[in-house]
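Accompanying notes for the structure given below.
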Amino acid sequence: MKKFADVIVPLPIPGQYTYAVPLELEEKVCAGIRVIVPFGKKKYYTAIVTRVHEDAPAGYDTKELMEILDKKPILLKRQYDFWQWIADYYLCTLGDVYKAALPSGMKLESETLVVVNPDYEAESPLTEKEQLVLDTLSRDTGLCINQLEKITGIKNLLPVINKLLEREAIYIKEELKRNYKPRTEVFIRLAETIKSETDLHQLFDTLNRAPKQLAALMKYVELSGWVRPGCFLKEVSRKTLLQKANITSSILSGLVEKHILELYHQEVGRLAKGTIDTMPLNPLSDAQQKAYDEIVQAFASKPVCLLHGVTSSGKTELYIHLIEQAIRAGKQVLYLLPEIALTTQITERLRRVFGNRLGIYHSKFPDAERVEIWQKQLSEDDYDVILGVRSSVFLPFRRLGLVIVDEEHENTYKQQEPAPRYHARNAALVLASIFGAKTLLGTATPSIETYYNAIHGKYGFVQLTERHRQIQLPEIEVVDIKELARKKRMTAQFSPLLLQKIREALEQKEQVILFQNRRGFAPMIECRTCGWVPKCKNCDVSLTYHKELNQLTCHYCGYTEPVPTSCPACGGTELVSRGFGTEKVEDSIKELFPEARIARMDLDTTRTRTAYEKIISDFEEGETDILIGTQMVSKGLDFDRVSVVGILNADSMLNYPDFRSYERAFQLMAQVAGRAGRKEKRGLVILQTKQPDLPLIHEVVTNDYARMFQEQTEERSLFRYPPFYRLIYVYLKHRKQEVLDQAADLMANVLRQGLGERVLGPDQPPIARIQTLFIKKIVVKVEQQASLSKVRAYLRQVQRMIVEDERFRSLIVYYDVDPM
């Protein structure tokens, strides 16, 4: 019987495709491996096989698979179940999930751009096709695989490209942006002329007059374990030999010039190898031990537990003990963090305890490193602990026993663009349940939904109410900046009290964090004469002024333009900036405190992995006095010398058209405040606001989470919001406003026929045009008792009906389930 394979292609198209399996590949095909398939007229993609069967599809002729890329599955059965849940729950396609889950190097397609690696040296002969591709790429940098096929005349080039990628003779263009190079190290070996022990002894005699060279040679023999020619040798790197023999590089060069030793380059894996000296666990304090026992007890009856611990209560130490316990039971642990910045600090702590059993996975890593981690997770020698951001939920696990979601309230766990718009916390709960594993949610400021589940008995609930080593929670002083501005007593964005406290902290060699939730120099510039504001040509939003680059930038589509010298509307030359971002705060602070060392941490200054690490380590080591940042600085980072934290404008977080704005403002302010006062001294937080009488401000000052929870839930139950209802936002996009309006009205009306009062809209979102597409939004509110799967099925049915209408062919419809 002829065999067929169902595959997922990395494209946002519903369903799977069936291909015929050529005879010669029948033995090798199985579920979970990658294959190359032709798709459309001239395109090739790397697809993943989900099922091999003998049912020929009716109604169309099947094309054949071209090539198999793997000897054994790279997608495991439970992983595939997880992918299916994500596609179903978040209303997207399996192709979307596949694109998000796998690193780029594992999903080549015809449009992939490839470039030659200038440092590549062949260690074994290349095939004719491989050589042809390399020669072509050397003449012409950055071609896509389609173009390469035309130039070289080789049909089905993906397997050749795959082999060259494995050899690291080429890389994918997107890596080049990160200046990725394979890591190589220089190693040392004896020259080939040394054939026997006699040759070696003669060398020892001739080197008698060069004692340092002799010592170096003897050290090499000792380190490599050389006994006789042809025996198994340990590899010795140049660096190791220089250190161990305590010699300079010129002595080594002398031995190379005399043809006694040879140097050779060898690639070293990017993942840490060898052993790392680890330290025993720190003992837990009484409060921590009590919480630990309660968590273990909660896990006996419930799969999920919330750990609600105040900032600096030592939650990380608890996690380390729980991880150790899971590893002892032979299980793997997934430790999720909301922000790459945090991984840098926590890596150090975990590495000290778990050494090389710890793997780290996030998007600032070069692609090849992510591929290596993925492959390692499939091997027998997989990591016991994976520390990573939201995309780590997609890694292959085989014996997952514990998932820790740290700072579970953070909205960065939610993927916004592109699909799948999954929430890593909720996805992690499902992933854990697939493995029968436990999940611990940890935070000082739980999300309202999680806290609701905990107090209603769905989750276990453990509280840790005292800070580690009895450090007091910081004192929070509220400053009314509306009144100060009226009396003209503000200096730039700073109240007199804040400036005084910054000055005192600097005099005592302490550090300061200033928080402003906006990057750039100013949210916008405006003509003082006529009020003209520069707007993005692709989106309905004003451009943000970035002083350092002297340009206006759209934070939605990336459009930039130079700052005009005069107003294009009235010709006036007085252009003033309105509002302020982190860049402007940095400028003002430099003027006020010229002697202070200042750093800024926002999206603009942390584009690369090393940039993050440098800003954080400089601040930890006291190289920086004042750190200015956006919400990145609020995320659980621990700094010992911070005594003053300034929240420059609390109102910008509150006046936001979103039902979660109060909850989020409370979380952000409590988290930022938690950075103040560590070790011996109580910290101080200066909270600047124009509305000091708001109940929320009082709740932040008294750290009264329960009161904020009660007020918010009363309001949400009235207006049908989570945790009482589940939300699905339906977005429609089109280049023409009138076509969009027709489609949105039609879709909302049809949805109302099936879902009634649960449907609101269509309406324009706050930003109604992004990247030249007009946007409409429909809100669906579903009560907890209703069947969400029936609602999702109905949404898909209505979408099919709308898109099949001739008028709406180029309409884009997508969903945001459980939006943040």
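Scanning region 767-801 for residues that are of a type in the set (A, V, I, L, M) and more than 14 Å from Tyr815 (Cβ to Cβ) yields a total of 6.
Answer yes or no as to whether Ala670 is in a helix (DSSP H, G or I), closer than 22 Å to Ile502 by Cα, within 24 Å of the chain's Cα centre (by Cα) and modelled with pLDDT of 85 or more. When the stated conditions are applied, Ala670 passes them. Within region 4-28, which residues are in a loop (DSSP other than H, G, I, E, B), buried (at least 18 other Cβ atoms within 10 Å of the Cβ) and more than 33 Å from the chain's Cα centre (by Cα)? Selection gives Val21 alone.
Yes/no matrix, rows are residues, columns are (1) small (Gly, Ala, Ser); (2) under 30 Å from Tyr731 (Cβ atoms):
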position: Lys3; (1), (2): no, no
position: Pro14; (1), (2): no, yes
position: Val37; (1), (2): no, no
position: Ala47; (1), (2): yes, yes
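The one condition from (1) free of Cβ contacts under 8 Å to residues at least 40 places away in the same chain; (2) out of contact with any strand residue (DSSP E or B) (no Cβ under 8 Å at 6 or more places or on another chain); (3) open to solvent by 30 Å² or more (accessible area, probe 1.4 Å) that Ala786 does not meet is (3).
So which residues in region 328-384 are of a type in the set (Ser, Thr, Tyr), open to solvent by less than 20 Å² (accessible area, probe 1.4 Å) and over 26 Å from Ile615 (Cα atoms), if there are any at all? Scanning region 328-384 gives a single hit, Tyr383.
If the condition is being in contact with a strand residue (DSSP E or B) (Cβ under 7 Å, 6 or more places away or on another chain), assigned to a loop (DSSP other than H, G, I, E, B) and at pLDDT below 90, then region 575-603 contributes Gly579, Phe580, Gly581, Asp602.
The criterion of at least 3 residues that are at pLDDT 95 or above and open to solvent by less than 20 Å² (accessible area, probe 1.4 Å) is met, among helices (runs of 4 or more DSSP H) falling completely within region 420-496, by 424-435, 448-455. Counting the residues of region 533-559 that are closer than 26 Å to Lys736 by Cβ and without any contact (Cβ under 8 Å) to a residue 60 or more places away in the chain gives 11. Being among the small types (Gly, Ala, Ser) and open to solvent by 10 Å² or more (accessible area, probe 1.4 Å) is a property that does not hold for Ala665. Where strands (runs of 3 or more DSSP E) fall entirely within region 674-781, those with at least 3 residues that are open to solvent by less than 10 Å² (accessible area, probe 1.4 Å) are at 684-689, 725-734. From the residues in region 604-632 that are part of a loop (DSSP other than H, G, I, E, B) and β-branched (Val, Ile, Thr), which one is modelled with the highest pLDDT? Once the filter is applied, the top-ranked residue is Thr624. Answer yes or no as to whether Phe659 is part of a loop (DSSP other than H, G, I, E, B), touching a residue at least 24 places away in the same chain (Cβ under 8 Å) and either surrounded by fewer than 18 Cβ atoms within 10 Å (Cβ to Cβ) or in contact with a helix residue (DSSP H, G or I) (Cβ under 9 Å, 6 or more places away or on another chain) (or both). Against the criterion (part of a loop (DSSP other than H, G, I, E, B), touching a residue at least 24 places away in the same chain (Cβ under 8 Å) and either surrounded by fewer than 18 Cβ atoms within 10 Å (Cβ to Cβ) or in contact with a helix residue (DSSP H, G or I) (Cβ under 9 Å, 6 or more places away or on another chain) (or both)), Phe659 qualifies.
Report whether or not Ala599 is of a type in the set (Gly, Ala, Ser) and in contact (Cβ under 8 Å) with a residue 24 or more places away in the chain. Here the answer is yes, as Ala599 does meet what is asked. Being assigned to a strand (DSSP E or B), open to solvent by 40 Å² or more (accessible area, probe 1.4 Å) and not small (Gly, Ala, Ser): is that true of Glu561 here? Yes: the conditions hold for Glu561. Condition first: farther than 22 Å from Asp651 by Cβ and touching a strand residue (DSSP E or B) at 6+ places or on another chain (Cβ under 6 Å). Now tell me which residues in region 543-556 satisfy that. Scanning region 543-556 gives Leu543, His546, Gln551, Leu552, Thr553, Tyr556. Of all residue pairs spaced 6 or more apart or on separate chains, those with beta-carbon atoms under 6 Å, a first member in region 22-38 that is more than 23 Å from Glu111 (Cα to Cα) and a second member that is open to solvent by less than 30 Å² (accessible area, probe 1.4 Å) and modelled with pLDDT of 95 or more are Val29/Ala5; Val29/Val21; Ala31/Val49; Ala31/Thr50; Gly32/Leu75. Applying the condition of being among the aliphatic types (A, V, I, L, M) and within 25 Å of Ser391 (Cβ to Cβ) to region 100-144 and asking which residue is modelled with the lowest pLDDT yields Leu108.
Residues that are over 25 Å from Leu773 (Cα atoms), among the aliphatic types (A, V, I, L, M) and surrounded by fewer than 19 Cβ atoms within 10 Å (Cβ to Cβ) are absent from region 527-538 altogether. Anything in region 789-820 that is more than 32 Å from the chain's Cα centre (by Cα) and surrounded by fewer than 14 Cβ atoms within 10 Å (Cβ to Cβ)? List them, or say none. Lys790, Gln797, Arg800, Met801, Glu804, Asp805, Glu806, Arg807, Arg809, listed by residue number.
Criterion applied to Leu648, Leu603 was being crowded, with 21+ Cβ neighbours inside 10 Å and either over 30 Å from Tyr725 (Cβ atoms) or not aliphatic (A, V, I, L, M) (or both), and the one residue passing it is Leu648. Cβ-Cβ contacts under 7 Å between residues 6 or more apart (or on different chains), taken from a first residue in region 642-653 that is outside any strand (DSSP E or B) and charged (D, E, K, R) to a second residue that is open to solvent by less than 10 Å² (accessible area, probe 1.4 Å) and modelled with pLDDT of 90 or more, are listed as Asp651/Thr689. Among the residues that make up region 502-518, is at least one of them within 26 Å of Pro765 (Cα to Cα), in contact with a Ser or Thr (Cβ under 8 Å, 6 or more places away or on another chain) and open to solvent by 40 Å² or more (accessible area, probe 1.4 Å)? Yes, that holds for at least one residue.
When you look at Leu233, is it open to solvent by 40 Å² or more (accessible area, probe 1.4 Å) and under 42 Å from the mean Cα position of the chain (by Cα), yes or no? Yes, satisfied.
The values are calculated or read from the model by the stated rules, or taken from the named source; none is laboratory data. Here the structure is a predicted model, which is why all the values come from computation and not from measurement. So basically every Cβ, Gly included, is an ideal-geometry build from the backbone, and we count neighbours across all protein chains shown. Protein only, heavy atoms only, side chains kept; ligands, DNA and RNA dropped before computing areas. Shrake-Rupley method; radii C 1.70, N 1.55, O 1.52, S 1.80 Å.
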